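The values are calculated or read from the model by the stated rules, or taken from the named source; none is laboratory data. What you see is a predicted model, and the numbers here were worked out from it, not measured in a lab. All Cβ positions, even for glycine, are placed from backbone atoms using ideal geometry, and neighbour counts span all protein chains on display. Note: accessible area is taken over every heavy atom of the protein model, side chains too, but ligands, DNA and RNA are not part of it. Shrake-Rupley method; radii C 1.70, N 1.55, O 1.52, S 1.80 Å.
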Amino acid sequence: QVRIVTIKGLDQQPCGTPHVNHTGEIGSFVLLHSEHISSGTRIYFACSRAADWMLVREDRLLHELAGILNTGISELPEKLEKLFENNKKQKAELQDLTRSLCRYEAAEYAEKEPLIIDLGKNQSQKLRVFSQEYGRVAKCTTMIYSAGSLIDFAIVSPDQKARDFLEILKQKTGCSGGGSPKIVSGRSELSKADFAAAAEAMMKEKRGQ
């Protein structure tokens with residue numbers, strides 16, 4: 001037999017046991033928060049010694065955070081909001097500086113009309129911005145890549161032939177990728193040496209036609 005406990009208008013659940021003789025045995029009881037789920041609303045709470053333990057833990061965390069931020073507990077929301085806004089502003093400034101740097105470097109590279117540009121290790125984030133800026137000034141089709149655990153690359157073609165180059169590279173290296181006729185991007189699992197060799201051979205072959 002299963003005992004069903006019904007709280008009218010709120011919930012209906014099988015009895016979870018164990019039982020208390022009276023509600024005073026429960027001690028502290030605190031509703032924490034709730035969230036909407038597919039079957040309705042889930043309510044989180046703490047009671048008895050668990051509530052006491054959570055109160056102590058949260059109080060310690062608040063005091064530690066206040067100490068780190070050198071402020072009072074009551075000022076924490078305002079302090080954190082300012083930190084978030086400053087972080088957002090600094091991130092935007094860093095993106096602007098990165099784009100300016102990429103624009104300058106792209107102009108320098110374009111004068112040399114290179115077959116391949118190696119941005120260095122773990123520069124996949126820079127790769128996207130650099131390839132966009134290089135696309136504005138490129139004079140010929142160029143491969144740009146960065147090696148990390150995988151090879152991230154882009155092919156920039158002012159002649160609108162980037163997809164043609166990519167298809168050949170897929171056949172040679174088994175890489176994945178896609179994009180517009182002017183700029184494609186992709187990824188390869190080859191080692192840096194093998195990818196660079198395959199890319200250079202392809203670029204020489206295609207640019208020589």
Of Gly135, Gly148, Gly177, the only residue that is open to solvent by less than 80 Å² (accessible area, probe 1.4 Å), at positive phi and in contact (Cβ under 8 Å) with a residue 24 or more places away in the chain is Gly177
Scanning the range 48-62 for residues that are more than 30 Å from the chain's Cα centre (by Cα) and open to solvent by 60 Å² or more (accessible area, probe 1.4 Å), which turns out farthest from Val20 (Cα to Cα)?
Arg60
Please work out if Leu166 is open to solvent by 50 Å² or more (accessible area, probe 1.4 Å), aliphatic (A, V, I, L, M) and either under 21 Å from the mean Cα position of the chain (by Cα) or within 17 Å of Arg128 (Cβ to Cβ) (or both).
no
Testing Val30 on (1) open to solvent by 100 Å² or more (accessible area, probe 1.4 Å); (2) in contact with a helix residue (DSSP H, G or I) (Cβ under 7 Å, 6 or more places away or on another chain), one condition comes back false. Which one is that?
(1)
Cβ contacts < 6 Å: first residue part of a helix (DSSP H, G or I), restricted to the range 67-86; second residue open to solvent by 80 Å² or more (accessible area, probe 1.4 Å), any location; separation 6+ or different chain. Result?
none
Of the residues Ile37, Ile43, which is over 30 Å from Ser131 (Cβ atoms) and open to solvent by less than 70 Å² (accessible area, probe 1.4 Å)?
Ile37
Sole miss for Cys140 among (1) outside any helix (DSSP H, G or I); (2) closer than 25 Å to Gln95 by Cβ; (3) touching a helix residue (DSSP H, G or I) at 6+ places or on another chain (Cβ under 9 Å) is condition (2)
